[in-house]
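The values are calculated or read from the model by the stated rules, or taken from the named source; none is laboratory data. Just so it is clear, the structure is predicted and the values come from calculations on it, not from any experiment. For neighbour counting, all protein chains shown are included, and Cβ atoms are generated from backbone atoms with ideal geometry for every residue, glycine included. Keep in mind that these areas ignore ligands, DNA and RNA; they rest on the heavy atoms of the full protein, side chains included. Shrake-Rupley method; radii C 1.70, N 1.55, O 1.52, S 1.80 Å.
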Amino acid sequence: MTTRNIEVDLMARVEGEGALEVVVDKGEVKDVRLKIFEAPRFFEAFLKGRHYSEVPDIVARICGICPVAYQMSAVHAIESAFGMEVSETVRKLRRLLYCGEWIESHSLHVYMLHAPDFLGLDSGLELARSEPEILRRGLRLKKVGDRILTVLGGRAVHPVSVCIGGFTRLPQTNELRSLLDELHWAREAAKETLAWVAGFEMPDLSPGYTFAALSGNVYPMNEGAITVSRDGTAHDMSCASDGFEGHFKERQAPYSTAMQCLLDEKPYLVGPMARLNLNAASLRPVVREALAEAGVELPLVNPYHAIIARSAEVLQAVDEAIELIEDYEGLGTGPGEPYRPVTPKESVGTAVTEAPRGMLYHRYALDADGRVVEANIVPPTSQNQARMEADLWQMIPSILSLSDEALAAACERVIRCYDPCISCATHFLRLKRVAA
Amino acid sequence: MGRVRVIGLGNMLAGDDAVGLIAARQLRDLLPADVEVQAREVPDWDDLQGLSGDDVVIFIDAVDSGAMPGTIFEFNLGDVIGAGLRHCSSHGLGLEHWASVAEALGEHVSHLMILGMEIASAELGDGVSEPVTAALPELLQRVEQAVAKARDEGLNGKGSHA
């Protein structure tokens with residue numbers, strides 16, 4: 001046989017929502033097609049005609065893993081459209097909320113999905129069986145993030161307190177203080193995690209990334225300018241958030257309903273590695289020390305090193321969460337106004353914030369009553385999709401001697417580095433065996 | 001007697017996938033006050049860890065098995081734990097995944113139960129279908145019965161005071 005077709009379902013037993021097809025003919029890679037269903041496209045249409053106040057609740061339903069990111073990009077874009085600024089208390093609490101999402105999302109991926117690849121294990125379930133205490137550490141870390149979301153957002157999965165102008169309710173000091181003991185444990189656990197993953201043996205792969213992330217005076221979450229570096233160290237292009245669509249162009253992949261986003265017609269990387277490389281100067285001291293102790297030098301240029309970047313960001317988020325909560329205690333006069341009044345107007349607003357998987361762009365056109373006329377959402381996975389394909393094009397020729405099964409597994413490992421945001425808008429049991 | 005928790009799963013904007021959420025919201029008025037009822041989008045590790053041997057967790061979820069829409073299924077732990085737990089994305093971790101991990105870590109999940117309803121469509125933007133709407137009262141009744149049994153004697157015939 002001269003032609004090989006390798007097919008990989010990106011989510012086990014869930015066909016059609018994420019798949020990879022590789023075609024090899026006469027020892028040569030002929031095609032690599034990554035197909036990812038993107039829920040945001042539906043939501044763009046669904047948002048039309050909706051009042052601005054409904055938007056944070058609707059976009060949170062796009063994703064059960066990163067609802068805060070969708071809410072943050074939405075509120076910042078709409079506040080920009082209305083010419084609003086939020087209070088400093090709200091700005092800090094939004095960072096704290098984002099810390100919670102980074103901690104839960106990154107911990108889940110590091111422990112349940114990515115670490116098993118470097119340990120010769122098939123899944124997080126095997127890690128549970130072989131190293132139960134290590135997995136328990138990861139799950140407890142995840143829970144620390146969940147608790148931040150619950151205290152600030154009202155619930156862990158789909159926060160309900162985020163609104164345009166602030167929060168519907170601000171937490172009491174003692175509510176936040178109740179998180180501190182566990183956060184102090186988490187800081188040590190995050191250091192242990194970083195040392196653990198930095199010791200993994202990793203394959204060599206250096207695709208020569210163009211990195212893109214927000215960058216500014218603080219490690220980016222809700223703020224910073226879009227910054228691009230083609231060698232991982234030099235910031236060779238910056239533009240304001242308003243300029244996103246001027247630089248990053250979406251195109252329809254002919255074999256998929258998903259859009260691919262390109263920079264100057266070329267793939268680029270968003271996410272933890274891009275953020276870390278472009279924001280080394282704003283890393284917290286504890287993260288710099290932990291990276292140095294683990295022997296990690298920046299920039300990271302190998303996709304498998306994403307697990308190191310995620311682990312570093314868990315430590316970054318835990319350490320910042322502690323400071324934010326201690327500062328909140330330090331206010332002493334109570335939390336102040338939960339949100340500022342909104343005056344809608346006919347306008348257009350955009351925002352980029354840093355979702356766990358990378359830059360998340362929202363643009364809203366609103367009418368004079370504050371109803372959505374048009375929405376555009378560019379999630380990080382559509383930005384990384386062309387990059388994932390490019391990595392596979394580069395890697396596959398070197399492993400063509402592998403069996404189909406082993407080759408598919410190797411492709412999966414590359415894709416897993418990105419933790420692609422495959423739609424989780426629906427989550428039902430798919431069963432082949434039926435119990436009466 | 002241990003705690004009894006009912007968790008409805010689904011997405012209100014995704015057709016019949018909303019059935020778990022709708023059921024949970026109605027059950028808040030139907031179940032005893034000491035039964036914790038939650039409605040949310042996805043299952044989580046926290047649902048299954050830290051349980052005592054007497055605690056009972058009942059999930060209500062949509063099911064896609066090829067049966068007639070509106071068909072009600074009852075599963076226990078062994079029914080949902082299976083092979084095929086490899087994922088490229090953390091977005092794919094569902095109930096079967098967390099149940100498998102909880103069991104492997106020795107958590108007390110033997111009193112886990114799932115009441116599921118076969119769905120016609122989970123397309124984003126669709127409403128709840130006629131067969132699912134028609135079968136909802138029976139689903140609520142089945143949950144009430146399961147809760148009563150759990151409070152009385154525990155699931156699987158294992159009395160909480162045994």
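Computed quantities for the displayed model
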| item | result |
| --- | --- |
| Segment B:6-21, subset in a helix (DSSP H, G or I) and not charged (D, E, K, R), residue farthest from the chain's Cα centre (by Cα) | B:15 |
| Segment A:296-323, residues that are open to solvent by 10 Å² or more (accessible area, probe 1.4 Å) and acidic (Asp, Glu) | A:297, A:319, A:320, A:323 |
| Condition check for residue B:136: away from chain A (no Cβ under 13 Å), more than 20 Å from residue A:113 (Cα to Cα) and open to solvent by less than 20 Å² (accessible area, probe 1.4 Å) | no |
| Filter result for the condition that a residue is touching a Lys or Arg at 6+ places or on another chain (Cβ under 9 Å) and not in a strand (DSSP E or B), over A:260, A:316 | A:316 |
| When residues of segment B:22-57 are limited to those that are buried (at least 21 other Cβ atoms within 10 Å of the Cβ) and part of a helix (DSSP H, G or I), the one nearest to the other protein chains (Cβ to nearest Cβ) | B:45 |
| Every residue from segment A:89-116 that is among the charged types (D, E, K, R) and either at the interface with chain B (Cβ under 7 Å from one of its Cβ atoms) or open to solvent by 40 Å² or more (accessible area, probe 1.4 Å) (or both) | A:91, A:92 |
| Strands (runs of 3 or more DSSP E) lying entirely in segment A:342-392 (those with 2 or more residues that are of a type outside the set (S, T, N, Q) and open to solvent by 20 Å² or more (accessible area, probe 1.4 Å)) | A:372-378 |
| Single residue of A:155, A:129, A:169, A:140 found to be touching a helix residue (DSSP H, G or I) at 6+ places or on another chain (Cβ under 6 Å), of a type outside the set (Ser, Thr, Tyr), surrounded by fewer than 22 Cβ atoms within 10 Å (Cβ to Cβ) and farther than 30 Å from residue A:278 by Cβ | A:129 |
| Helices (runs of 4 or more DSSP H) completely within segment A:117-183 that count 1 or more residues being touching a residue at least 24 places away in the same chain (Cβ under 8 Å) and within 14 Å of chain B (Cβ to nearest Cβ) | A:132-153 |
| Residue within segment B:107-118 that is open to solvent by 20 Å² or more (accessible area, probe 1.4 Å) and facing another protein chain (nearest Cβ under 9 Å) present | no |
| Residue check for residue A:229: touching a His at 6+ places or on another chain (Cβ under 6 Å) and either open to solvent by less than 10 Å² (accessible area, probe 1.4 Å) or of a type in the set (Gly, Ala, Ser) (or both) | yes |
| Of all residues in segment B:89-106 being in contact with a His (Cβ under 7 Å, 6 or more places away or on another chain) and over 22 Å from residue B:27 (Cβ atoms), the one that is surrounded by the fewest Cβ atoms within 10 Å (Cβ to Cβ) | B:93 |
| Condition check for residue B:12: within 14 Å of chain A (Cβ to nearest Cβ) and in contact with a helix residue (DSSP H, G or I) (Cβ under 6 Å, 6 or more places away or on another chain) | yes |
| Residue in segment B:88-98 that is over 15 Å from the mean Cα position of the chain (by Cα), facing chain A (nearest Cβ under 8 Å) and among the polar types (S, T, N, Q) present | yes |
| Residue count for segment A:11-32, restricted to those that are at pLDDT 60 or above and open to solvent by less than 50 Å² (accessible area, probe 1.4 Å) | 10 |
